[in-house]
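Reviewing the structure listed below.
The values are calculated or read from the model by the stated rules, or taken from the named source; none is laboratory data. Because the structure is predicted, anything quoted here is derived from the model rather than measured. Here the Cβ positions follow ideal geometry from the backbone for every residue, glycine too, while neighbour counts run over all protein chains shown. To get the accessible areas, we keep the full protein, side chains included, count just its heavy atoms, and leave off ligands, DNA and RNA. Shrake-Rupley method; radii C 1.70, N 1.55, O 1.52, S 1.80 Å.
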Amino acid sequence: FLPHLGSISLHTYMQRGLGRRILEAADPEFKERLTDPKKGCLQRNWYQALPPGKVVQLLQSAGVETPATLDDMGVAVFWKTSRLNALDLQVRPYPGGGKGILQLKLQDKQSDATFAILCTHLSSGDTFQDEDERLNREILCQGGLVAAVEEAKNAGDAVILCMDANSHPGIRTSGESSWKVLRQCLGASVWDDFFDAEGKPKKIESGFDPPVTSNKVRGPLSAQAKKIGAHAYYLIDHIFFDSSFFELEAHAFEPKQFRSPADALEEVQPSLLNPSDHYPVIADLIFKAVGAKFCRTC
């Protein structure tokens, strides 16, 4: 499990004065970097401005004895020990800090074939500026997601990438997008029946919109005030895979599709059936080398 310190729990503590205490405890060399130049308070993504390990030290200096108690977000990999052995684990923080990649190498006990799973959760936001930040600070940067995938591929590993990208296929900045870059890097996605390599929706004869993995409306108590009342109707959760090694057999959880955003508002999430603001993405992949089926969830 790889925690992410930009959590809702941390935000709650910030509202109780933790931000002020963090600035008071910060060394002079970091204080200016952590201060919002317009508001004079702790800047929003303060934890990304610190070197690895410094966030925990600073929180402890601010009076948080166990910083792990502030974390309620992250990425994790689970596997069947009856079928798979874990050979290697790597935690790869993004250069900006705060988040990173959880990378695990697994071996099939029946065939001895190995493959690599990479999991990550990219920064939020649905504007072009937000997408640029994801591309420049987490995906295309030195030590970023593309570099990690390419390193695993160059080592001969079959790669699967599971992620909450906070980015839908159709978003565009200067011609690039998270979808376009990562699909090109790996070769295939479980959403290829619905979107082309550029992220454009394929024609669907059924009369339904392409699938979505987020269908929610933020209420008045949301920690992200600017999003209150907005309908998040996007496909932002992804499973990309190396098409040289894997092929998609089927979606184990039927993709959620609606005829329109208005229809989707009748089934906003979370719900009693799905206690999450995202729909699960579960797919059966065939490992071509051994003809074996693996189930991956994002």
Breaking point among (1) modelled with pLDDT of 95 or more; (2) assigned to a strand (DSSP E or B), for residue 296: (1)
Subset of segment 183-236 that is touching a residue at least 24 places away in the same chain (Cβ under 8 Å) and part of a helix (DSSP H, G or I) - its residue that is most open to solvent (accessible area, probe 1.4 Å): 183
Matching residues, segment 167-182, being free of Cβ contacts under 8 Å to residues at least 40 places away in the same chain and either closer than 14 Å to residue 212 by Cβ or under 18 Å from the mean Cα position of the chain (by Cα) (or both): 170, 180
Those residues of segment 124-158 which are within 16 Å of the chain's Cα centre (by Cα) and in contact (Cβ under 8 Å) with a residue 60 or more places away in the chain, in sequence order: 124, 126, 137
Residue ID - modelled with the lowest pLDDT, chosen from residues in segment 256-293 that are β-branched (Val, Ile, Thr) and assigned to a strand (DSSP E or B): 286
Qualifying residue in segment 153-160 (condition: surrounded by fewer than 18 Cβ atoms within 10 Å (Cβ to Cβ), at negative phi, outside any loop (DSSP other than H, G, I, E, B) and at pLDDT 95 or above): yes
Test result for residue 55, open to solvent by less than 30 Å² (accessible area, probe 1.4 Å), in contact with a strand residue (DSSP E or B) (Cβ under 6 Å, 6 or more places away or on another chain), closer than 17 Å to residue 99 by Cα and of a type in the set (A, V, I, L, M): no
Within segment 84-117, considering residues that are touching a helix residue (DSSP H, G or I) at 6+ places or on another chain (Cβ under 6 Å) and within 21 Å of residue 186 (Cβ to Cβ), the one most open to solvent (accessible area, probe 1.4 Å): 92
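Please tell me if residue 269 is more than 24 Å from residue 204 (Cα to Cα) and open to solvent by less than 60 Å² (accessible area, probe 1.4 Å).
Judged against the criteria, residue 269 is a match.
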Any chance residue 253 is open to solvent by less than 50 Å² (accessible area, probe 1.4 Å) and either assigned to a strand (DSSP E or B) or at pLDDT below 95 (or both): no
Residue list for segment 62-76, restricted to those being open to solvent by less than 80 Å² (accessible area, probe 1.4 Å) and without any contact (Cβ under 8 Å) to a residue 60 or more places away in the chain: 62, 63, 64, 66
Selected residue (criterion: farthest from the chain's Cα centre (by Cα)) from residues of segment 26-44 that are among the charged types (D, E, K, R) and open to solvent by less than 100 Å² (accessible area, probe 1.4 Å): 27
From 10, 50, 70, 34, residue being at pLDDT 90 or above, of a type in the set (A, V, I, L, M, F, W, C) and farther than 30 Å from residue 107 by Cβ: 34
All positions within segment 224-246 that are closer than 27 Å to residue 10 by Cβ and among the hydrophobic types (A, V, I, L, M, F, W, C): 225, 228, 230, 232, 236
Residues that are among the β-branched types (Val, Ile, Thr) and over 13 Å from the mean Cα position of the chain (by Cα), drawn from segment 91-123: 91, 114, 117
